[in-house]
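To start, the structure under review is shown below, and the notes come after it.
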Amino acid sequence: MSNIVWELDFYSRPVLDEDRKKRWEVLICESPNSIDRSPDTLFKYAQYCSSKTVNSLWLREAIENAIAEAETTPKKIRFFRRQMNNMIVKACEDIGINPVPSRRTYALNQWLADRIVNFYPQESGYDLKTANTPSVQYPPLNAIPLPDAVRGDQGDKWLLVSLAAADFNDMKDWDIAFEESFSLSLLDIKPDTTIPGLIIYSPRANPLAAWMSGLEMGYLHLEKVMRPQLRLETALSDSWTLINLTNKETVKQAEDFEAAKQKANGVHFVAVQSNPDSETFAGFWLLKE
């Protein structure tokens with residue numbers, strides 16, 4: 001099985017057919033899972049679907065067509081629309097591909113946003129009244145504590161830091177056990193952009209990083225309404241309490257982190273190390289909110 005990951009959206013578009021019904025479309029693109037992967041080299045596949053044939057069988061055939069065109073089978077397919085869960089899951093599982101609900105559909109979101117502005121308005125039957133934003137937000141659930149098996153108890157420490165975007169050019173040479181990144185050029189991030197991040201130092205660094213690698217990593221988020229904390233958002237709506245902020249100083253640090261994240265178009269990172277003197281990473285993930 002390849003290490004290639006695809007992102008998929010199957011939904012109606014702001015384009016009407018001859019019966020004045022909205023046309024459906026499947027979009028499939030490759031996830032840019034490395035920092036040096038050029039967005040121009042990513043595989044893309046698009047196919048319209050009649051509203052009369054919207055089902056898992058049609059979607060399965062479309063995915064098989066994409067596989068034939070790409071001449072490779074992805075190890076998993078990410079998708080972000082919860083309302084399409086059953087249909088997408090069945091189509092993928094019938095082919096033997098792992099379907100993954102995810103907020104990590106960065107390339108797909110960029111492609112959809114571009115098509116809404118530059119592609120669909122040029123299509124015959126375009127209907128401005130049905131055009132809408134491609135982003136879908138689901139309210140997070142209550143934050144879940146980290147499992148006991150990966151907590152370092154009193155031995156955990158953390159630090160909010162920052163790197164220049166250009167520093168990530170060398171990421172492929174870093175010693176990292178578990179990691180996932182994406183091309184910053186996908187989001188038009190300039191080399192001098194400051195990218196904020198969180199480093200967790202833990203005596204259980206390897207178990208923590210291994211556990212995190214099994215999640216569909218989304219982004220870090222500062223929560224202040226109930227109890228000040230940095231949350232790790234995963235999958236479509238899962239939320240984990242990663243860091244409890246216990247005083248005004250740590251809350252201010254987290255607020256500065258959030259401000260820097262917004263200036264970097266939502267891009268940030270989380271890293272796991274055994275101690276501050278370590279030259280290796282148990283885990284490193286580049287993220288985007």
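The values are calculated or read from the model by the stated rules, or taken from the named source; none is laboratory data. Since the structure is predicted, the reported quantities are computational estimates derived from the model, not experimental observations. Cβ placement follows ideal geometry from the backbone for every residue including glycine, while neighbour counts extend to all protein chains displayed.
Those residues that are more than 20 Å from the chain's Cα centre (by Cα) and buried (at least 17 other Cβ atoms within 10 Å of the Cβ), I need them from segment 201-228; list them, please. Of everything in segment 201-228, those that are more than 20 Å from the chain's Cα centre (by Cα) and buried (at least 17 other Cβ atoms within 10 Å of the Cβ) turn out to be Tyr201, Ser202, Arg204, Ala205, Pro207, Pro228.
Cβ-Cβ contacts under 7 Å between residues 6 or more apart (or on different chains), taken from a first residue in segment 187-201 that is in contact (Cβ under 8 Å) with a residue 40 or more places away in the chain and not assigned by TED's automatic domain parsing to the domain that holds Phe168 to a second residue that is surrounded by fewer than 17 Cβ atoms within 10 Å (Cβ to Cβ) and assigned to a loop (DSSP other than H, G, I, E, B), are absent.
Among residues of segment 102-125 that are free of Cβ contacts under 8 Å to residues at least 40 places away in the same chain, those with a Cβ under 6 angstrom from a residue that is assigned to a loop (DSSP other than H, G, I, E, B) and not hydrophobic (A, V, I, L, M, F, W, C), sequence gap 6+ or separate chain, pair up as Ala113/Pro134. Asp36 satisfies every condition listed in (1) within 23 Å of Arg115 (Cα to Cα); (2) under 19 Å from the mean Cα position of the chain (by Cα) except (1).
If you go through segment 19-44 and keep only what is out of contact with any Phe, Trp or Tyr (no Cβ under 9 Å at 6 or more places or on another chain) and free of Cβ contacts under 8 Å to residues at least 40 places away in the same chain, you end up with Asp19, Arg20, Lys21, Asp40, Thr41.
Would it be correct to say that Arg81 is in contact with an Asp or Glu (Cβ under 7 Å, 6 or more places away or on another chain) and either farther than 12 Å from Trp6 by Cβ or of a type in the set (A, V, I, L, M, F, W, C) (or both)? Yes; evaluated as a whole, the condition is true for this residue. Pairs are defined by a Cβ separation below 8 Å, a sequence spacing of at least 6 or placement on different chains, a first member in segment 53-70 that is loosely packed, with under 15 Cβ neighbours inside 10 Å, and a second member that is of a type in the set (Val, Ile, Thr); the pairs so defined are Glu64/Ile95.
Of the residues making up segment 19-48, those that are at pLDDT below 90 and acidic (Asp, Glu) are Asp19, Asp36, Asp40. Please go through segment 52-78 and give me each residue that is among the polar types (S, T, N, Q), touching a helix residue (DSSP H, G or I) at 6+ places or on another chain (Cβ under 9 Å) and within 12 Å of Trp6 (Cβ to Cβ), ordered by number. Hit for segment 52-78 is Thr73, nothing else.
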